[in-house]
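**Q** I'd like to ask some things about the structure below.
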Amino acid sequence: MDQRAEIEWRGKVPVSRRFDDPYFSLEDGVAETEHVFLRGNGIPQRFRPGFHIAELGFGTGLNLLVAWRAWIDAGLEGPLRFTSFEAFALSAEDMARALQAYPALAELAAPLVAAWESGQDLRTDTLHLNVVLGDARETLPEWGGQADCWFLDGFAPAQNPELWEPALMAQVARHTAPEGSFATYTAAGAVRRALAEAGFSVERLPGFGRKRHMTAGRLV
């Protein structure tokens, strides 16, 4: 992990010093993930054996844990596949501290933090996790996979425009399975246009908490 995230704490929430943006909602990170990324992608209803989620911005791993719990609750055969692209990795210590805010996820968080600390991907009967470290503008084009849905969870476009630029959104579309989907907390016009130009239908939906709107869509 070459580049470490530099953070400060606002209560129990880590905030990126580089991007001046919290890693998850100051109100309720789990509820935000469920609203934006799960419901925005029509899951768990769309879950099926072999389902593959991809993500821009791994952060604390909270999105993974919420999706993993939903997969376990769905009771499907085999593991959920989850690939995330992260440029500035949290330390295992900071990840563990952030996830302590959600004791209901502690049983899943423990093996994640242990794997993160050892620098290993996490493999269990119910999850195959691969975190690709580095600039997604370089690593995503080289990725050989296709996702059934995307969690687009980079820091805010105003602070981190590189993770939302049109060329990268085109790569997201190129690595999306037929009729695959995306969801993101942002409703920024430039992001919606880039996703539409990449080949997604784009819909503005009610956002979570203080955010009035979010964006979701399907590959067409």
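The values are calculated or read from the model by the stated rules, or taken from the named source; none is laboratory data. All values derive from a computational prediction rather than experimental measurement. No Cβ is skipped: glycine too gets one built from the backbone with ideal geometry, and neighbour counts run over all protein chains shown. These accessible areas exclude ligands, DNA and RNA; they are computed on the full protein's heavy atoms, side chains included. Shrake-Rupley method; radii C 1.70, N 1.55, O 1.52, S 1.80 Å.
**Q** What fraction of the Cα pairs in the chain, stated in percent, has a spacing above 30 angstrom?
**A** Counting every Cα pair in the chain, those more than 30 Å apart make up 14 percent.
**Q** With +1 on each Lys and Arg Cβ and -1 on each Asp and Glu Cβ, how big is the dipole of segment 22-90 about its Cα centre, in debye rounded to the nearest 20?
**A** 300 debye
**Q** Which Cα, out of 151, 202, 7, lies furthest along the positive dipole direction of the chain (beta carbon charges, K/R +1, D/E -1)?
**A** Looking along the dipole axis, the top candidate is 202.
**Q** Among 85, 189, 36, which residue has its Cα furthest toward the positive end of the charge dipole of the chain, with +1 on Lys/Arg Cβ and -1 on Asp/Glu Cβ?
**A** With unit charges placed on the Cβ atoms, the residue in question is 189.
**Q** How high is the relative contact order of segment 176-220? Use alpha-carbon pairs under 8 Å, at least six apart in sequence, and give a whole percent.
**A** 50 percent
**Q** Within segment 127-220, what whole-number % of the accessible surface is contributed by carbon and sulfur, with the 1.4 Å probe and all protein chains included in the calculation?
**A** The nonpolar share, carbon plus sulfur, comes to 48 percent.
**Q** Determine the per residue accessible area of the chain with all protein chains present and a 1.4 angstrom probe, expressed in square angstrom.
**A** The answer is 46 Å² per residue.
**Q** Could I ask something else about it? Just from its helices, what would the mean residue ellipticity at 222 nm be for the chain, if runs of 4 or more DSSP H residues each count -39500 (n - 2.57) and the sum is divided by every residue, rounded to the nearest 500 deg cm²/dmol?
**A** Calculated mean residue ellipticity at 222 nm is -8000 deg cm²/dmol.
**Q** Next up: Please state the charge dipole magnitude for segment 104-153, taken about the Cα centre, from unit charges on C-beta atoms (+1 on K and R, -1 on D and E), reported in debye and rounded to the nearest 20.
**A** Its charge dipole is roughly 20 debye.
**Q** Could you tell me which helices of the chain pass both thresholds, a Cα extent of 27 Å or more along their own axis and a mean Kyte-Doolittle hydropathy of at least -0.5, with helices taken as whole DSSP H runs?
**A** Working: long enough: none.
Within the chain not a single helix satisfies the rule.
**Q** Can you give me the three principal axis dimensions of segment 1-129 from its C-alpha atoms, in Å, biggest first?
**A** Computed over the Cα atoms, the extents are 40, 31, 25 Å.
**Q** Here is a follow-up. If the viscosity is 0.692 mPa s and the temperature 37 °C, what Stokes-Einstein diffusion coefficient in µm²/s follows for segment 130-220 when Rh is the Kirkwood radius over Cα pairs?
**A** The diffusion coefficient I find is 248 µm²/s.
**Q** Further, regarding this structure: Please tell me the relative contact order of segment 1-113 in percent, rounded to the nearest whole number, where contacts are Cα pairs under 8 Å and at least six residues apart.
**A** 28 percent
**Q** Then there is this: Please state the charge dipole magnitude for the chain, taken about the Cα centre, from unit charges on C-beta atoms (+1 on K and R, -1 on D and E), reported in debye and rounded to the nearest 20.
**A** Dipole about the Cα centre, nearest 20: 660 debye.
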